[in-house]
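See structure below.
The values are calculated or read from the model by the stated rules, or taken from the named source; none is laboratory data. Just so you know, these numbers come straight off a predicted model, no measurement behind them. We place every Cβ from the backbone using ideal geometry, glycine too, and count neighbours over all the protein chains shown. Areas reflect the complete protein model, heavy atoms only, side chains present, ligands, DNA and RNA absent. Shrake-Rupley method; radii C 1.70, N 1.55, O 1.52, S 1.80 Å.
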Amino acid sequence: MLIKRIMVQLPGGLQARYTALFVHKAFSFKSNILLAKDGKSANAKCIMKVMELAVKEGDEITLLTGGIDEHAAVRTLEEFLLTKHR
């Protein structure tokens, strides 16, 4: 299992559009992926659970990945969360 702490750089955080893109990316991996913030966690492949975390720009989150493609998953999802999309 890989654990990565990330400060979210997405403008507005994981609002609906970015959450949908994030979950879509998470679904492309076989690994189990969890997103955690402020003591709460969510399956990164469940859009409603990720939305409930209310991740905002500048929030520190923890990304946990475990499985056959965990390294690729953490790299891809970290890059997404650190990119200032426009």
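Tabulated values for the structure
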| item | result |
| --- | --- |
| Selection from the stretch 1-44 of residues that are among the basic types (Lys, Arg) and within 19 Å of Thr83 (Cβ to Cβ) | Lys4, Arg5, Arg17, Lys25, Lys37 |
| Residue check for Arg17: open to solvent by 80 Å² or more (accessible area, probe 1.4 Å), in contact with a Ser or Thr (Cβ under 9 Å, 6 or more places away or on another chain) and among the basic types (Lys, Arg) | no |
| Subset of the stretch 39-56 that is among the charged types (D, E, K, R) and touching a strand residue (DSSP E or B) at 6+ places or on another chain (Cβ under 9 Å) - its residue that is nearest to Leu10 (Cα to Cα) | Glu52 |
| Per-region count, the stretch 34-82, residues over 11 Å from Lys4 (Cβ atoms) and of a type in the set (Val, Ile, Thr) | 5 |
| Ile68 being among the aliphatic types (A, V, I, L, M) and over 13 Å from the mean Cα position of the chain (by Cα) | yes |
